[in-house]
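Asker: Please find one structure pasted underneath; my questions will follow.
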Amino acid sequence: MATEVLALPRVVGRWFLNATSHVGRVAMMVADLVRSLNEVRIWLPRTFAEAWNIGVGSLFIVLLISGFAGGVTALQARYQFTGTIPIYYLAGVIVESIVLELGPVLTGLILAGRIGARYAAELGTMRVTEQIDALESLGRSPSSHLIIPRVLAGLIMIPVLTVFADVMGIGAGWFSMKLVLPISDADFAYGARTFWRPFDATYSIIKAFFFAACITVISCYMGFNTQQGAEGVGRSTTGAVVSSSVMILLLDVILTKLLLNQ
Amino acid sequence: MIELRDVHKRFGKQVVLDGVNFSVQEGETVALLGPSGTGKSVLLKHIIGLIHPDSGTIIVDDKDVVRLKRHELAELRSHIGYVFQNGALFDSDNVFENVRLGITDDKCYRDLDYARERVAECIKLVNLPPETVDKFPAQLSGGMRKRVGIARAIAGRPKYLLYDEPTSGLDPVNADVIDELVRTLAETLGVTGVMVTHDVRGAFRTANRLALLTGGKIVQQGTPKEFLASQDPTVREFLERDFHNATIAA
């Protein structure tokens, strides 16, 4: 009985120590990134290559999912609000839902799966096959060769992909509304403008930037600290996707509170 | 000179190195023998600062590896070539880029003409055909990968070469080629070498001196002849299986 009573504090204590150790190591990794920023000649060309890879490689899936999200938002808005509010208000609901929430969050979650898994698996495989050790043994910094290009590419491309997702979502929502409701283009534009604030676009990009930092840093950290062969690579990859996704949802709440509800 | 003084290392509850004392003089090649899982590779990684000891001192080129700052450690590493067990070649780069990364002098690395010449020279030294430079690691056999790994390690004209199981997993013919290569590199380039190996015959063929690591300690050090004459039961037990081959090689 006494052992069972002690088990919970022990589990909580171990979890807390583990979490603190991860936070400390992430902080050390970020500090190392900052220290390696002066090796511009090493990380700059690799950043362009990574940015091109993740930008072009992710564009189709981002457009596809944001298009469906825009379409479904329009259809659900019609189901919920027809007959209760003027029809052009629905345009505002669609545009604001896409720009403030669905565009950045869905893009973040898709890319946590696509880029996060890729980064963690690539770096994890490099770790278990001693490629990272080899880089260090040659007196070269893994931060400037492997991590800075990946983090910077994500910080640049994820906000850009979010802008594409926002535009695609609004376009698909507009198109879907026109299919199911008697609304003109002028009414849609009027409704969208009624609720629009210029800060909404900035907010969407700020969110995307934070999500990008969370996806790239977490997945690089997980991959870089992989242990125990193929099983370890699998564990790091899953951990990177799950942790990034949870952090995106947590950041979503925090940023909404800080930026929209002061 | 490489010197380890009273080095201790444990991973969790497992004690891997338990007061290791080991030294390598300038210009000699020392083979570090021992059964699997005794910490030979761990010891090698301590020398280049990839693993830090729990206690003890590691001196390379009169520098205390544990106390070096980041840039000082990078500078020291530029004088050490490390041959990894499975090559540890970068999958996404071809052989040229892999070997080029071994050119540790930044100015020389950026000079493409010098890099081409040096890579070709190293590829020739390890007995690989010149067209290998355009291939990717996935297109190479195990033996070729090991040789590319050696080419990368020597590309920066290192003062020290550390080999981690350079012949493991190779057929006897390829193992002999690698052993010969290690000996030739030591003779032609005059580098100081430490070779971790299971292969007693290869160790007797290539090294000036041998050391046996077991139970976390170096239990015997000496020339091949001293090793063969040793009456230490651990040494006898370890050599027993390959005694005939070792005698021939010595």
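The values are calculated or read from the model by the stated rules, or taken from the named source; none is laboratory data. For clarity, every value in this text was computed on a predicted model and none was experimentally measured. Note that each Cβ is placed from the backbone with ideal geometry, even for glycine, and that neighbours are counted across all protein chains shown.
Asker: Whether any residue in the range A:136-155 is touching a strand residue (DSSP E or B) at 6+ places or on another chain (Cβ under 7 Å) and either assigned to a helix (DSSP H, G or I) or among the hydrophobic types (A, V, I, L, M, F, W, C) (or both) is what I want to check.
Answerer: yes
Asker: Tally time: how many residues in the range A:209-254 are touching a Phe, Trp or Tyr at 6+ places or on another chain (Cβ under 6 Å) and closer than 30 Å to A:Ser97 by Cα?
Answerer: 3
Asker: Quick check, is A:Leu109 away from chain B (no Cβ under 14 Å), crowded, with 21+ Cβ neighbours inside 10 Å, of a type outside the set (S, T, N, Q) and touching a residue at least 40 places away in the same chain (Cβ under 8 Å)?
Answerer: no
Asker: Would the range B:33-48 turn up any residue that is among the aliphatic types (A, V, I, L, M) and touching a Ser or Thr at 6+ places or on another chain (Cβ under 6 Å)?
Answerer: Yes: one or more hits.
Here is a yes/no grid of residues against (1) in contact with a Lys or Arg (Cβ under 8 Å, 6 or more places away or on another chain); (2) more than 28 Å from A:Ala31 (Cα to Cα); (3) of a type outside the set (Ser, Thr, Tyr):
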position	(1), (2), (3)
B:Glu72	yes, no, yes
B:Phe84	no, yes, yes
B:Val99	yes, yes, yes
B:Thr104	yes, no, no
B:Lys107	no, no, yes
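Asker: Would you pick out the residues in the range B:40-66 that are under 14 Å from the mean Cα position of the chain (by Cα) and touching a residue at least 60 places away in the same chain (Cβ under 8 Å)?
Answerer: Within the range B:40-66, B:Lys40, B:Ser41, B:Leu43, B:Leu44, B:Ile47, B:Ile48 qualify.
Asker: Among the residues of the range B:177-187, is there at least one that is under 27 Å from B:Gly39 (Cβ atoms) and not in a helix (DSSP H, G or I)?
Answerer: no
Asker: Of all residues in the range A:141-195, which are of a type in the set (Phe, Trp, Tyr) and within 20 Å of A:Ile115 (Cβ to Cβ)?
Answerer: Within the range A:141-195, just A:Phe164 meets the criteria.
Asker: Another question, then. List the number of the failed condition for B:Asp18; all other conditions in (1) more than 13 Å from chain A (Cβ to nearest Cβ); (2) over 19 Å from B:Ile218 (Cα atoms); (3) in contact (Cβ under 8 Å) with a residue 24 or more places away in the chain; (4) not in a loop (DSSP other than H, G, I, E, B) hold.
Answerer: It is condition (2) that B:Asp18 fails.
Asker: Follow-up question, since we're still on this one. Determine which member of the set B:Asn86, B:Asn127 is assigned to a loop (DSSP other than H, G, I, E, B), more than 14 Å from chain A (Cβ to nearest Cβ) and either touching a helix residue (DSSP H, G or I) at 6+ places or on another chain (Cβ under 8 Å) or buried (at least 19 other Cβ atoms within 10 Å of the Cβ) (or both).
Answerer: Answer to the selection: B:Asn127.
Asker: Please verify whether B:His46 is within 14 Å of chain A (Cβ to nearest Cβ), in contact with a Pro (Cβ under 9 Å, 6 or more places away or on another chain) and either assigned to a loop (DSSP other than H, G, I, E, B) or surrounded by 20 or more Cβ atoms within 10 Å (Cβ to Cβ) (or both), treating the condition exactly as stated.
Answerer: yes
Asker: From the list A:Ile158, A:Ile115, A:Ile132, which residue is within 11 Å of chain B (Cβ to nearest Cβ), in contact (Cβ under 8 Å) with a residue 24 or more places away in the chain and among the aliphatic types (A, V, I, L, M)?
Answerer: Step by step, each of A:Ile158, A:Ile115, A:Ile132 is checked, and only A:Ile132 is within 11 Å of chain B (Cβ to nearest Cβ), in contact (Cβ under 8 Å) with a residue 24 or more places away in the chain and among the aliphatic types (A, V, I, L, M).
Asker: Among the residues that make up the range B:58-70, is at least one of them more than 13 Å from chain A (Cβ to nearest Cβ), β-branched (Val, Ile, Thr) and crowded, with 23+ Cβ neighbours inside 10 Å?
Answerer: Yes - at least one qualifying residue is present in the range B:58-70.
Quick grid of which residues meet (1) of a type outside the set (A, V, I, L, M, F, W, C); (2) over 26 Å from B:Gly143 (Cα atoms); (3) surrounded by fewer than 19 Cβ atoms within 10 Å (Cβ to Cβ):
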position	(1), (2), (3)
B:Asp176	yes, no, yes
B:Asp179	yes, no, no
B:Thr184	yes, no, yes
B:Glu187	yes, no, yes
B:Arg201	yes, no, no
B:Ala211	no, no, no
B:Ile218	no, yes, no
B:Gly222	yes, yes, yes
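Asker: Only helices (runs of 4 or more DSSP H) wholly contained in the range A:183-262 count here; list those with 1 or more residues that are modelled with pLDDT of 95 or more.
Answerer: Counting at least 1 such residues, we get A:198-224, A:229-260.
Asker: Right, here's the next one. Pick out the one residue from B:Tyr109, B:Tyr163, B:Tyr114 that is surrounded by 13 or more Cβ atoms within 10 Å (Cβ to Cβ) and under 22 Å from B:Glu28 (Cβ atoms).
Answerer: After ruling out the rest, the residue left standing is B:Tyr163.
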